[in-house]
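Trainee: To start, I am sharing the structure in question, which I have written as structure tokens.
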Amino acid sequence: AATGKGNYRHFMEKELHEHPAVLGDTLRQYLDPKTLEVRLPRLPFDPARVPRLTISACGSAFLAGSVGRYWIEQLARLPVDADVASELRYRNPPLMEEGGAILVSQSGETADTMAALRLLKEGGQKVLSVVNVPESSMARESDGAVLTAAGPEIGVASTKAFTAQLAVMACLAIGFGRARRELSTLDEGRLTQALLEVPGNAALVLEKNEQIHELAAEVAKARDVLFLGRGSLYPIALEGALKLKEISYIHAEGYAAGEMKHGPIALIDSSVPVIALCPSGPLFEKTASNLQEAAARGGRIMALTDADGVERLSRFAERVIELPKVSEISAPILYAIPVQLLAYHVAVLKGTDVDQPRNLAKSVTVE
Ligand code: G6P
């Protein structure tokens, strides 16, 4: 049943294993497997004409929105501002006439995100929300809503709802790119095809469970952990750090790989595992050389990459976990899964309350 744990020890574990099904359900809502086209939902703004978008949310949902920003800017050449709702609501940002906004939320009830929604509407922005609960306040008050098909998520730390949010953002970005004539039919087909392969690849990523478990045994001994990524993998590095903090209570930081030399490199010694999200692709070599610098200072590099990155990273990394090789658009969705699994296993090893971490709530309806 949707509300039971089944054969799993924790809701989080069960929900982690629902990734392939949830991603399939979510993507099927917005992609046509026959024509390889994006079926954009009804939108409150015209993506071809909107001059600027504001993306806002809290917690993991904000990080999903942040990946969306990379995609929308890259694929649709549409300028995007992204800010956590608790900042946006008091920042009094200058909003553009005819501007649009996308709010992201699992529950659709988060107080700060609701406040951002009202502020944006008062500022004349047309607000679209990406929510998991169709009857939520956010779905009702927004000018339009798109749904993630994650089903009920019980674990406080988001898993399947997060990747479903990413899946929706990816579809929107492609659809906006088409509407703005930044993508050809061919590009759209190629990107859609890549996304349609995500559920199958998610199942392959889950098969790496044993290797992630071994990595977790190392991470569980650490006091501090650094997560590094570049481009659309940067918000996933932040998500990896957030998850680890939330459920294992280990201090972790996520950093843009290229920014490491401006501070966190001072922390690097042999006691700090550095988890690197490093799929092959245009930014691979940049990240690899940042990692090599960290390794040269005694840093213990634990790299997640694909077949094309293994050889290069094995020259200096303590551990390399090989994930399926996927196209650029799919990488952040798929790399989110091992960082969630890692946090899960570390928390189990540490004996914390995985589904109900201290001081946290699933839905934060107070400011
Ligand atoms: C809480 C949860 C987080 C979640 C955030 C936003 O802090 O512990 O896991 O990301 O709220 O929740 P929402 O329902 O708006 O996605």
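What follows draws every value from the coordinates through simple rules; no lab data is involved. It should be emphasised that the depicted structure is a prediction, and the values quoted were computed from it without experimental measurement. Ideal geometry is used to build each Cβ from the backbone, glycine not excepted, and the neighbour counts take in all protein chains shown.
Trainee: Within segment 302-316, track down each residue that is in a helix (DSSP H, G or I) and not polar (S, T, N, Q).
Mentor: Of everything in segment 302-316, those that are in a helix (DSSP H, G or I) and not polar (S, T, N, Q) turn out to be ALA307, ASP308, GLY309, VAL310, GLU311, ARG312, LEU313.
Trainee: Just checking, which of GLY254, GLY281 is surrounded by 23 or more Cβ atoms within 10 Å (Cβ to Cβ) and either among the small types (Gly, Ala, Ser) or within 16 Å of the ligand (Cβ to nearest atom) (or both)?
Mentor: On inspection, the qualifying residue turns out to be GLY254.
Trainee: Ok, one more. Could you run through segment 70-120 and say how many residues are of a type in the set (A, V, I, L, M) and within 14 Å of the ligand (Cβ to nearest atom)?
Mentor: The total comes to 11.
Trainee: Somewhere in segment 28-51, is a residue within 16 Å of the ligand (Cβ to nearest atom) and either closer than 30 Å to GLN356 by Cβ or of a type in the set (Lys, Arg) (or both)?
Mentor: Scanning segment 28-51 turns up no residue that is within 16 Å of the ligand (Cβ to nearest atom) and either closer than 30 Å to GLN356 by Cβ or of a type in the set (Lys, Arg) (or both).
Trainee: Give all pairs with beta carbons closer than 6 Å in which a residue from segment 142-166 that is over 13 Å from SER363 (Cβ atoms) and touching a residue at least 60 places away in the same chain (Cβ under 8 Å) meets a residue that is in a strand (DSSP E or B) and within 13 Å of the ligand (Cβ to nearest atom); count only pairs at least 6 apart in sequence or on separate chains.
Mentor: SER142/SER129; VAL146/VAL130; GLN165/VAL104; GLN165/VAL130
Let's see how each residue does on (1) of a type outside the set (A, V, I, L, M); (2) farther than 23 Å from GLU207 by Cα:
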site	(1), (2)
HIS251	yes, yes
SER271	yes, yes
ILE275	no, no
CYS278	yes, no
ALA294	no, yes
MET302	no, no
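Trainee: If you scan segment 317-361, which residues turn out to be of a type in the set (Ser, Thr, Tyr), part of a helix (DSSP H, G or I) and more than 20 Å from LYS14 (Cβ to Cβ)?
Mentor: Hit for segment 317-361 is TYR335, nothing else.
Trainee: Tally time: how many residues in segment 1-57 are charged (D, E, K, R) and surrounded by fewer than 16 Cβ atoms within 10 Å (Cβ to Cβ)?
Mentor: 9
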